[in-house]
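Input: a single structure, listed below in structure tokens.
The values are calculated or read from the model by the stated rules, or taken from the named source; none is laboratory data. Computed from a predicted structure; not experimentally measured. Cβ atoms come from the backbone with ideal geometry, glycine included; neighbour counts cover every protein chain shown.
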């Protein structure tokens with residue numbers, strides 16, 4: 001009989017039943033890649049993580065991240081949530097300033113903020129951005145989201161940005177347009193195929209609405225087995241870089257970007273982003289947030 005314990009956390013939120021759900025398997029010895037993929041499909045969250053002993057002297061643990069459809073080289077809410085899980089278990093010492101995870105993209109630093117013995121905030125370092133060329137077929141992009149071309153934000157490009165995982169970033173004029181979007185998978189595939197991605201699209205609006213959110217956002221990735229994601233840290237680094245590159249936020253604002261995601265799904269999530277640059281070059285990309293423990297359980301099979 002196989003028996004594997006996991007912790008269930010809600011990530012990028014400070015309360016239960018919000019944010020993005022995550023299962024963290026703390027002792028997955030004996031599980032191979034296909035089995036971890038099957039376990040992740042069984043859990044049916046956007047992602048699950050599996051924590052192994054370090055494979056690199058520069059890291060504290062090796063963390064493998066799976067969506068229901070594939071293994072990911074890096075991801076945001078699994079990294080932040082795993083840090084909180086390891087703090088809960090005492091693997092990360094109270095007051096420890098940081099931890100380095102071995103991810104598919106290499107050693108990844110996670111900075112930690114504490115209130116006494118309680119971890120209150122975790123912030124992961126992401127890779128410097130790679131920007132694609134602006135997408136000329138704006139009408140096709142809008143149609144793939146069942147929107148009109150006029151719903152796209154004027155003066156801002158549609159383009160791919162990657163800080164480890166590429167996403168198609170689509171700026172929209174209003175929050176209402178973000179909420180109205182419905183993906184046409186076939187049409188979106190025709191847009192994304194020539195860009196070298198499957199269908200990972202991140203839509204957002206910087207329309208103000210009386211809260212402190214810099215951007216109001218949603219993310220779709222049917223190719224990863226995720227119809228819609230409540231909070232996407234791997235897309236939030238690219239979002240911050242996009243907003244800085246296109247002067248949507250100033251230098252001061254670049255250190256306190258907040259993406260409000262998951263509202264349409266009734267799982268509101270707050271993703272904190274900080275972007276540093278030297279001259280015109282982006283040199284520092286950090287994505288962070290809170291997480292709460294919801295419960296724990298065991299999977300058993302023979």
So how many residues does the stretch 1-28 have that are part of a loop (DSSP other than H, G, I, E, B) and at pLDDT 95 or above? 11
Among the residues that make up the stretch 166-182, is at least one of them at pLDDT 95 or above, surrounded by fewer than 17 Cβ atoms within 10 Å (Cβ to Cβ) and closer than 21 Å to residue 277 by Cα? no
Could you say whether any residue in the stretch 73-84 is over 25 Å from residue 238 (Cβ atoms) and touching a residue at least 12 places away in the same chain (Cβ under 8 Å)? no
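Residues are listed down the side, and each one gets a yes or a no for (1) out of contact with any helix residue (DSSP H, G or I) (no Cβ under 6 Å at 6 or more places or on another chain); (2) at pLDDT 95 or above; (3) surrounded by 22 or more Cβ atoms within 10 Å (Cβ to Cβ); (4) part of a loop (DSSP other than H, G, I, E, B):
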residue: 94; (1), (2), (3), (4): yes, yes, no, yes
residue: 101; (1), (2), (3), (4): yes, yes, yes, no
residue: 111; (1), (2), (3), (4): yes, yes, no, no
residue: 120; (1), (2), (3), (4): yes, yes, no, no
residue: 125; (1), (2), (3), (4): yes, yes, no, no
residue: 128; (1), (2), (3), (4): yes, yes, no, yes
residue: 136; (1), (2), (3), (4): yes, yes, no, yes
residue: 187; (1), (2), (3), (4): no, yes, no, no
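So that you can scan it fast, the table gives a plain yes or no per residue for (1) farther than 18 Å from residue 295 by Cβ; (2) part of a loop (DSSP other than H, G, I, E, B); (3) modelled with pLDDT of 95 or more:
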residue: 35; (1), (2), (3): yes, no, yes
residue: 39; (1), (2), (3): no, no, yes
residue: 42; (1), (2), (3): no, no, yes
residue: 74; (1), (2), (3): yes, yes, yes
residue: 81; (1), (2), (3): no, no, yes
Residue 10: surrounded by fewer than 16 Cβ atoms within 10 Å (Cβ to Cβ) and under 24 Å from residue 118 (Cα atoms), yes or no? no
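Listed here are the residues, each with its yes/no results for (1) touching a residue at least 40 places away in the same chain (Cβ under 8 Å); (2) surrounded by fewer than 23 Cβ atoms within 10 Å (Cβ to Cβ); (3) closer than 17 Å to residue 165 by Cα.
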site: 215; (1), (2), (3): yes, no, no
site: 231; (1), (2), (3): yes, no, yes
site: 238; (1), (2), (3): yes, no, yes
site: 243; (1), (2), (3): no, no, no
site: 249; (1), (2), (3): no, yes, no
site: 258; (1), (2), (3): yes, yes, no
site: 285; (1), (2), (3): yes, no, yes
Among the residues of the stretch 71-90, is there at least one that is more than 19 Å from residue 13 (Cα to Cα), outside the structural domain of residue 238 (by TED's automatic domain parsing), surrounded by fewer than 22 Cβ atoms within 10 Å (Cβ to Cβ) and in contact with a helix residue (DSSP H, G or I) (Cβ under 7 Å, 6 or more places away or on another chain)? yes
Would you call residue 182 assigned to a loop (DSSP other than H, G, I, E, B), out of contact with any strand residue (DSSP E or B) (no Cβ under 7 Å at 6 or more places or on another chain) and closer than 22 Å to residue 10 by Cβ? no
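Listed here are the residues, each with its yes/no results for (1) within 20 Å of residue 212 (Cα to Cα); (2) in contact with a helix residue (DSSP H, G or I) (Cβ under 9 Å, 6 or more places away or on another chain).
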position: 267; (1), (2): yes, no
position: 275; (1), (2): yes, yes
position: 284; (1), (2): no, no
position: 288; (1), (2): yes, yes
position: 294; (1), (2): no, no
Answer with yes or no whether residue 235 is modelled with pLDDT of 95 or more, touching a strand residue (DSSP E or B) at 6+ places or on another chain (Cβ under 9 Å) and in a loop (DSSP other than H, G, I, E, B). no
Residue identified as closer than 20 Å to residue 67 by Cβ, in contact (Cβ under 8 Å) with a residue 12 or more places away in the chain, assigned to a strand (DSSP E or B) and in the same structural domain as residue 80 (by TED's automatic domain parsing) among 271, 294: 294
If we ask which residues in the stretch 140-179 are outside any loop (DSSP other than H, G, I, E, B) and touching a strand residue (DSSP E or B) at 6+ places or on another chain (Cβ under 9 Å), their number turns out to be 21
